[in-house]
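Just below is one structure, and these are the notes that go with it.
The values are calculated or read from the model by the stated rules, or taken from the named source; none is laboratory data. The structure displayed is predicted, hence computed values, not measured ones. Heads up, the Cβs are rebuilt from the backbone with ideal geometry, glycines too, and the neighbour counts pull from every protein chain shown.
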Amino acid sequence: MNNLILIVDDEKEYCNIIVNYLNKRGFECDIAHNAETAKKMLLTGAYSGCFIDMVLQPTNIAFYANTELSNDGILLADEIGELGIKTRFVMISGGCYDMKIGKYLNVNKGSIDMDNVEAIATAMCEKRIAT
């Protein structure tokens, strides 16, 4: 089982909380703070799963030229999937609602349950979440 998870969020403190928690439970984690960096990392095909913020701050305006900034995490996940890379994505939302978008699960930043994060990470690594 590949235990490598990518955490993508522009909020560095939030990334560190998830990474520290998952590291203590045997997962290896990398961090990207923007979609451009995340895309480069995801293109390696090394990740079993990716927790990705639905709204990321742009670092390169050209990268976002044809996208809506309100859903760039979703667009990146779709783009990676269209390229045939078999990474499982879980959307992270700063909102206070529960939302499912197609094949994506949602983790709410406002009231995150770390046991739930661990269970989702385990499911991604064991390929129990569809790509």
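Remarks
- Reported count of residues in segment 1-55, each being of a type in the set (S, T, N, Q) and assigned to a loop (DSSP other than H, G, I, E, B), is 5.
- Residue in segment 16-28 that is at pLDDT below 95, in contact with a Leu (Cβ under 8 Å, 6 or more places away or on another chain), more than 18 Å from Met124 (Cα to Cα) and β-branched (Val, Ile, Thr) present: no
- Filtered residues of segment 13-42 (kept if closer than 14 Å to Phe89 by Cβ and hydrophobic (A, V, I, L, M, F, W, C)): Ala32, Ala35, Ala38, Met41, Leu42
Yes/no matrix, rows are residues, columns are (1) of a type in the set (Phe, Trp, Tyr); (2) modelled with pLDDT of 85 or more; (3) closer than 14 Å to Asp9 by Cα:
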site	(1), (2), (3)
Leu43	no, yes, no
Phe51	yes, yes, yes
Tyr64	yes, no, no
Asp72	no, no, yes
Ile101	no, no, no
Leu105	no, no, no
Lys127	no, no, no
